[in-house]
Amino acid sequence: MLYTLYEAGFYASTPLRAAARLTRDFWSSPLNPARDSGLGRRLFANANLFANLTRRYGKPAWGIDTVEIDGANVRVRANEVWSSPWCKLTHFARDRADMRRAGRRTLEPAVLIAAPLSGHYATLLRGTVQAFLQDHEVYITEWTNARDVPVMEGRFDFHDYIDHIRQMLQVMGPRPHVVAVCQPGPPVLAAAALMAEDGDESRPGSMTFMGSPIDARLSPTVTNRLAEERPFAWFQSNMIDTVPGPYPGMGRRVYPGFVQLASFMSMNAEKHQEAHRRYLAHLMAGDGDSADRHLEFYDEYLSALDLTEEFYLQTVDVVFQRYLLPKGELEHRGRLVKPERIRDIALLTVEGEFDDISGIGQTQAAHALCSGIPEALKQDYVQPGVGHYGVFNGKRFREEIYPRVREVIWNAEAAQGESPAQPGVRALPKQVKAA
C-alpha cells in the first residue's frame, strides 16, 4: 500500500510539476527581458526548487570518460564483464595506447570496489573510482534495483551477496584486491574467509574495509540503536512493501528506496533543509556555480534503489541484531565462516572520526576476527575530521586515505613476488555472463 500511495502522489503532482517547469523555463529564458529582475529570479528559483524536489531521480551516469595519469589524459571506457539478474561487474578499462603515452606499459593491480547495497547506486562512489583509476585496473559492483527484477528470477539474500562477491573475484583472475565500502564489509569478509579456507587462487591479495559494520555492537550509532530497539517483526511490518505495476518487478516484496532515503534524510533533516535554503538563495542571487554544485550532490543523493525483502531483513538480523560474524556464528550454506583461517591476505581498516553510520571500532573489529593474518599485514587508520561520506570520497579521501590504500595494495603485490614499482602483467578477465 505504501508503495502504491508513493506512486500515486508522484503522478498526482504531475500537473504542478509541469507548471513549475514552464515557470522555470519562462523566467530563465534569454528572450525574457525581466528574467534578471528581483521578481524574475525569485519566481525562477522557487519553480526550479519545486520541480527538482518532486521529479524522478533515476540511476545517474558515471560520466568518467577520461582520467589524468602523470599529466596525461587517459581515455576510460566502462565495460560490463560479468552479470547476473542482480548485479553487473563493470570494468573501467583505460585505453592502452594512452597508458603507454603516460609511461604505464603494464597492467596494474586489479581492484574490486564492492559498492554498498543499501539504497544508493554505485555511482555514489564516482570519486572513489576516479582515485583508484590512477594506479589500478578498477572493477565495481553495480547492484540492480530490485523493482526492476521480475519475480520469476527468484530471491536475492545476504548469502547470495556473498556468492556474488566470490564469483566476481574469480572472474577477475588470481589474487585481485577488494575494497568494501560500508555495508559490504561483513559479506565481503565472509567471502574472503571461505575462499582462503578453500585455497581459492582468486582469494584477495588484500582487503580494505571502509566504514563497515563488521561488529555493530561497538560505538553504536543512531542506525545501530534503531536496529537494536525495534523487534525484528517491526522491520517486517513497517519497512517492507510490494512493488506495484508497471515495474518489471511487480509483485516483489522490497525495502523501497524512498523509505531508505527518508531514513537517511531524517537523520540530518536540519542539514538538508539548510542546504535547500542556501540553494534557493543562490538561485535568487544568480550564483549559478554554487547552485550547480548543490544539484550535482543531490542528483546523486536522491537517487535510490529498492532492496529485496530477504536481503534487507537478513542484513538487519545477521549484522545489526544477532551479530553473527563477530560472534563466530555466521554460517553460509551450512558452513561456518572462519575469518581466523585467513593467512595471506593483507588487511586495512579505515574509519572516520565523525562517522555517524558506522562508529569507530566497528570496522577495526576485523583485525581481531582475522587473527591468522600476521601483524605485518595489518593496518588500521582513523581519518580525522571526516564523517561517513568522507571515508570514501572527497579531498581528504584523495589526499590522505587513498595513498594508504594504494600502499597496502602494492605492498601485497610485492609480497606475491612482484615489485610495486613494476607490477606484473595481469590477464584481462574473461568476458562471461552468469547463468
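Please treat every number below as a calculation from the coordinates, not as lab data. Computed from a predicted model, the values in this text were never measured in an experiment. Cβ atoms come from the backbone with ideal geometry, glycine included; neighbour counts cover every protein chain shown.
Quick notes on this structure:
- Helix-derived mean residue ellipticity, 222 nm - over the chain, DSSP H n ≥ 4, -39500 (n - 2.57), to 500: -11500 deg cm²/dmol
- Charge context of Arg147, other residues only, Cβ under 13 angstrom, K/R +1, D/E -1: -2
- Residues with amide H under 5 Å from that of Gln383, placed H, sequence gap 5 or more: Glu351, Gly352, Glu353
- Surface/4 estimate of mean projected area, convex hull on alpha-carbon atoms of segment 292-344, nm²: 6.7
- Lysine pair count for the chain (Cα-Cα distance under 19 Å; residues 8 or more apart in sequence or on different chains): 5.
- Dipole-positive endmost among Ser29, Ala122, Cys87 within the chain (Cβ charges, Cα centre): Ser29
- Protection proxy ranking, peptides 341-349, 36-44, 3-11, 314-322, average beta carbon neighbours within 10 Å, highest first: 341-349, 314-322, 36-44, 3-11
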